[in-house]
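Contents: one structure, followed by commentary.
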Amino acid sequence: MDVLKAENRNVFNAVRKMVLASGLPVEPAKVNKNWPRLSYGPAPAQGQWAEREYLDIYLQESVPVADVKQRLEAVAPEGLCLLSIQRVPYPLPSVQNLAAAARYRVQGDFTSLNVSGRKWEEFIGTGRMLVSLRAENGIIITLDAAPYLVDFHWQASDDFCCTLQRVQDKWLRPEWLIAAWLGIEIPAEEEPFTLAALQFTRQCLLWRDSQGELHPI
């Protein structure tokens, strides 16, 4: 399981070329035998920043982790940095299926967007955190964000962190949680909803052990 950070805008193509150039005994992809078989983790939503991206590289034979790291770093393109590499036995889930939650950081001027004037403590104290989605025909659909929110903390008045878990194989965008608190309706359109005054950064993905505890991948 590889964890990487990149400034390259086309990360997927950069990774594919790097893996091919490394000379590792990769398993060919099913869609194209000339490509390596890779399994990417859940990608950050459009408009979000990410401190790291994740992927699995499938090899046809066992290679020591140190050798994998050395080969990949030798051909890594400028702007792409490998943060860590781990060996994962083949039968275990890919990072796409392993990810159970994500940790986010939200920074910016919340006050300027707070239509309802509601404090955060009042919002979470209700027990139901209703996200309002307005369709083009005017129909409003509500979604309760409470089951998704695992934990949160404020680092400053303009710096908020939270962990959102996957529920019934669905993810909740942090933009929706913040919009629900601020009293902002979300247009249910194809274009991804965002709040221009805030920056949303996915810090890491997390997996859940047999005891229900979450750990960074």
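A few points about this structure:
- Applying the criterion of being touching a helix residue (DSSP H, G or I) at 6+ places or on another chain (Cβ under 7 Å) and in a loop (DSSP other than H, G, I, E, B) to the residues of segment 185-217, the residue that is surrounded by the fewest Cβ atoms within 10 Å (Cβ to Cβ) is 197.
- Restricted to helices (runs of 4 or more DSSP H) entirely inside segment 1-118, those with at least 1 residues that are farther than 30 Å from residue 161 by Cα and free of Cβ contacts under 8 Å to residues at least 40 places away in the same chain are 11-22, 65-75.
- Flag for residue 133 being under 21 Å from residue 43 (Cβ atoms) and crowded, with 16+ Cβ neighbours inside 10 Å: no
- Some residue of segment 130-147 being of a type in the set (Gly, Ala, Ser), under 18 Å from the mean Cα position of the chain (by Cα) and either over 25 Å from residue 171 (Cα atoms) or in the same structural domain as residue 162 (by TED's automatic domain parsing) (or both): yes
- Residue within segment 123-131 that is touching a strand residue (DSSP E or B) at 6+ places or on another chain (Cβ under 8 Å), of a type outside the set (Asp, Glu), assigned to a strand (DSSP E or B) and at negative phi present: yes
- All of 155, 107, 165 fail the test of being exposed (fewer than 12 other Cβ atoms within 10 Å of the Cβ), in the same structural domain as residue 205 (by TED's automatic domain parsing) and either in contact with a strand residue (DSSP E or B) (Cβ under 8 Å, 6 or more places away or on another chain) or within 25 Å of residue 206 (Cα to Cα) (or both), apart from 155.
The values are calculated or read from the model by the stated rules, or taken from the named source; none is laboratory data. For clarity, every value in this text was computed on a predicted model and none was experimentally measured. Don't worry about glycine lacking a Cβ; one is built from the backbone with ideal geometry, like all the others, and counts go over all protein chains shown.
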